[in-house]
Amino acid sequence: MNNQSVECGCDEIPQSLLSTDQALTTLTNAAKVINATEFVALDEALGRILATNILSNINVPGFDNSAMDGYAIHLKKDQINTPGGISFEITGRIPAGTTGHELKPGCAARIFTGAPTPKGANTVIMQEECELIEGDSKIEIYRPINLNENIRPMGNDIKIDDIILKKGLKLKPQAIALAASIGIGQLEVFKKIKVGVFFTGDELVKPGDTLEPGQIYDSNRYALTALLKNLDCDIINLNHVQDTLDDTVKALALLQDKCDLIITTGGVSVGEEDHVKPAVEQLGKLDLWRIKMKPGKPLAFGQVGQSAFIGLPGNPVSAMVTFLLFARPFIKKIQGCSHYLNTNFKVAANFDWHRPKPRREFVRVQLNQSSIPAKADQYPKQGSDVLSSMVWADGFAEIPEKSVFKSGEMINFYPLNEMML
């Protein structure tokens, strides 16, 4: 485990309904970036978080080179931008990976994309604009020629001491390729965070087993582990824990010094069968929030040993929505991501909102891209138990508290495809 400190600020959090903004700010302020790093080879760097700025110690390209297949030419001053019909003697051939001899005025060399332009060359003409003449010993060009056509200058992409990748970047294929282009074979990244999970509820049954009366299949277990894998976390999964206080305390005690974060779903309310809340309070500290939002009103946050703790609601949609809106930014920040907040953009509502609601709602919607701006259609059933809506949806439409609007008005949209990264 990475020995990070987590300050939950529980004593300062009011017990009244929090706004979504207050809850998110409190969580992200409490998140502390891990301090453990490691070096990984480029082949293993995908999805990791860069732990330091990367500066280039070379120019890219390291020499002037041809942007295409054609002919490098030493254009004389009296030939610049004059009418076409100018001929040049071919005195060399320069494939990529080789260097040519100096070109004298009025001479040309066959050159290929990426090959260094030879000394004396001051422009490159694409092969389609050149005609071979006099037994292929010369070329003739029938248009005015300018200096430096199709020449990529040294340092055109990257110059020495440029910062090419910044600390906190989640490494994508293009970033890894850029590191390779300056000769870096390994990158310093933050170590993966360890997240402990377990699941309670005697009514839950593993998919594939037979349901007895009153039982349901456990979906939260698979949703949560999949969401954490999407975030490239190392998961310590205790799976199903018996729904007793003693077993819940034992599970937390087992995880508390091995993890950066512990997440559970359900069991944090004050009912007789809700054992997570008293178990966390036995070993650490906990604040149970009631957030002014739908779905996902209850959310718990605290600390157990060296681990932060987040308790998500038990209903499957509520668990996923609160994970994406709150747990995901918290996780991304402690991972070292510089951009850890969810992004949103404006779309047009394709539905009316007639009645002002006291809580902010995150409505599952699907985008209709046939018009500009795109229009958001809402799923007909918005209950926190309707898991099929999460498969159908492209994202969440954010409906502010006490608001009304008609179809066509602009609203915030949180895309699921980005929130799953």
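The values are calculated or read from the model by the stated rules, or taken from the named source; none is laboratory data. In this text, all values refer to a predicted model and were calculated from it rather than measured experimentally. Neighbour counts run over all protein chains shown; Cβ positions are idealised from the backbone, glycine included.
Considering only region 87-108, state which residues are out of contact with any Ser or Thr (no Cβ under 9 Å at 6 or more places or on another chain) and in a loop (DSSP other than H, G, I, E, B). Passing the criteria: 95, 97, 98, 99, 102, 105. The criterion of at least 2 residues that are touching a residue at least 40 places away in the same chain (Cβ under 8 Å) is met by the following strands (runs of 3 or more DSSP E) wholly inside region 354-421: 360-368, 395-399, 410-415. Picking from residues in region 289-334 that are assigned to a helix (DSSP H, G or I) and among the hydroxyl-bearing types (Ser, Thr, Tyr), the one that is farthest from residue 190 (Cα to Cα) is 318.
Considering region 58-80, the residues that are part of a strand (DSSP E or B) and among the β-branched types (Val, Ile, Thr) include one that is nearest to residue 106 (Cα to Cα), namely 73. In region 287-312, of all residues being of a type in the set (Val, Ile, Thr) and in contact with a Leu (Cβ under 6 Å, 6 or more places away or on another chain), the one that is surrounded by the fewest Cβ atoms within 10 Å (Cβ to Cβ) corresponds to 291.
Exactly one residue among 347, 280 is crowded, with 18+ Cβ neighbours inside 10 Å, out of contact with any helix residue (DSSP H, G or I) (no Cβ under 9 Å at 6 or more places or on another chain) and either part of a strand (DSSP E or B) or not assigned by TED's automatic domain parsing to the domain that holds residue 165 (or both), and that residue is 347. Contact map, region 66-77: first residue in contact (Cβ under 8 Å) with a residue 60 or more places away in the chain, second residue surrounded by fewer than 23 Cβ atoms within 10 Å (Cβ to Cβ) and of a type in the set (Gly, Ala, Ser), Cβ cut-off under 7 Å, separation 6 or more or different chains; pairs are 66/114. Would you confirm, using the coordinates I've provided, whether residue 179 is outside the structural domain of residue 251 (by TED's automatic domain parsing) and small (Gly, Ala, Ser)? It is true that residue 179 is outside the structural domain of residue 251 (by TED's automatic domain parsing) and small (Gly, Ala, Ser). For region 20-57, filtering for residues that are touching a helix residue (DSSP H, G or I) at 6+ places or on another chain (Cβ under 9 Å) and loosely packed, with under 14 Cβ neighbours inside 10 Å leaves 1. Given the structure, is residue 384 among the hydroxyl-bearing types (Ser, Thr, Tyr) and more than 19 Å from residue 20 (Cβ to Cβ)? Criteria not met by residue 384.
Of 120, 106, all but one fail to be surrounded by 15 or more Cβ atoms within 10 Å (Cβ to Cβ), in contact (Cβ under 8 Å) with a residue 24 or more places away in the chain and touching a Leu at 6+ places or on another chain (Cβ under 6 Å); the exception is 120.
Kindly evaluate residue 48 against the criterion of being among the basic types (Lys, Arg), more than 20 Å from residue 325 (Cα to Cα), modelled with pLDDT of 95 or more and not assigned by TED's automatic domain parsing to the domain that holds residue 115. Yes; evaluated as a whole, the condition is true for this residue.
When residues in region 387-420 are screened for being closer than 19 Å to residue 19 by Cβ and either under 24 Å from the mean Cα position of the chain (by Cα) or polar (S, T, N, Q) (or both), 7 of them pass.
Can you pull out the residues in region 401-415 that are loosely packed, with under 15 Cβ neighbours inside 10 Å and farther than 22 Å from residue 297 by Cβ? Passing the criteria: 406, 407, 408, 409, 410.
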